[in-house]
Amino acid sequence: MVIRRWGVLGAAIAVAALSAISASPALFAVAVGMVFLVAAGWAGLALGTRCVRAERMIGPSEVLEGAPIGVRFAVAGVTWLPVTVEVEDHQGGWTPVAFGRASVEFCVGRPGAYRLAPSRLRVRDTAGMFERRLTAGRAEPLLILPAPLTSSPRVPTRHGLTHDLEPHGLRPYVAGAPLTRVHWPSLARGAGLHVRHVAAPPDELPLVVVDTAGAPNDAALHWVARTAAGHVLTLARDGGCSVLLPGDRTATIVSGPGDEWRAVHRRLASLGSAHSGVLASRAADAAAVHVSAAAAPSAPVPVTPLPRGVVGGVG
């Protein structure tokens, strides 16, 4: 566009010089008209930029990964000016605003908490020689929920763990008992080798343990979130389950695919790998399902690149 307007001005100078050589009033009028065209484009753009009022509305701020997120724009103040307004479509292109309204869609291909930056608009004169960039909206939170893996195998519904993960007592060590349940303080006091005894839960709900300790990369965390979501949703539909999430000392009851499931689903969207995993390792012995980052597929999980305008995770 810079080349275009300077090209028009250069052509106007050339025509003016030719009109002076040939003493042609017609050519001089053409040169003046070309200069006026450039000036009118700049003036119209300057005025249009001052008058533009843009509003942005987004759809639901919580969506499954890969689901379209709709963004609508309402632009006022330029219908009577010789300018055009376009909005960035998050794919490297621009969508014209027709009748003062426009809508675009974009997708985020991996779970997490993000912020959608203000959208970019550009105002151009009708000849396309000048443009100005504007923004619409403010930074808004987006929560991209993990898509539950429907291939998650069904699990028995009789195993579980009490919501209090502290041991309910000690019993003598039996060969083959997991070392993670050995009570070393009793051995240090000279009472012999004992193991922690975990009582069966009164509600007999299966326990899903989510363990992100040692996750090698974000792909492993995303696999854990999708796999755990698949197990929890399946069990919730079958009667309910308990879920031990990273950092929790007590399990969360999910009695059905309602508000409890949605709350767990939101937390699965923002899993991190900073937790030690000690509780998860202890609880895994009594769990019906142990979803561990250590079991994540070694091959990278394909994801859709984040669109421009979505900036780093915040959770």
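The values are calculated or read from the model by the stated rules, or taken from the named source; none is laboratory data. Owing to the predicted nature of the structure, the values given are computational and were not obtained by experimental measurement. Using ideal geometry, Cβ is built from the backbone for each residue, glycine included, and neighbour counts are taken over all protein chains shown. We work out accessible area using only protein heavy atoms, side chains counted, and drop any ligands, DNA or RNA first. Shrake-Rupley method; radii C 1.70, N 1.55, O 1.52, S 1.80 Å.
Below is a table of values for the structure above.
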read-out	value
Arg132 accessible area, 1.4 Å probe, all protein chains in place, Å² to nearest 10	90 Å²
Förster radius 45 Å - calculated FRET efficiency between Ser22 and Ala98, Cβ distance, rounded to 0.05	0.50
Accessible area, probe 1.4 Å, largest first, for residues Ser292, Ser103	Ser103, Ser292
Solvent exposure ordering (accessible area, 1.4 Å, most first) of Met34, Met129	Met34, Met129
Whole-number accessible area per residue in Å² for region 75-140, which is evaluated in the context of all protein chains at 1.4 Å	48 Å²
At R0 = 45 Å, FRET efficiency that the Cβ-Cβ distance of Ala295 and Thr135 yields, to 0.05	0.55
Accessible area, probe 1.4 Å, largest first, for residues Cys107, Cys241	Cys107, Cys241
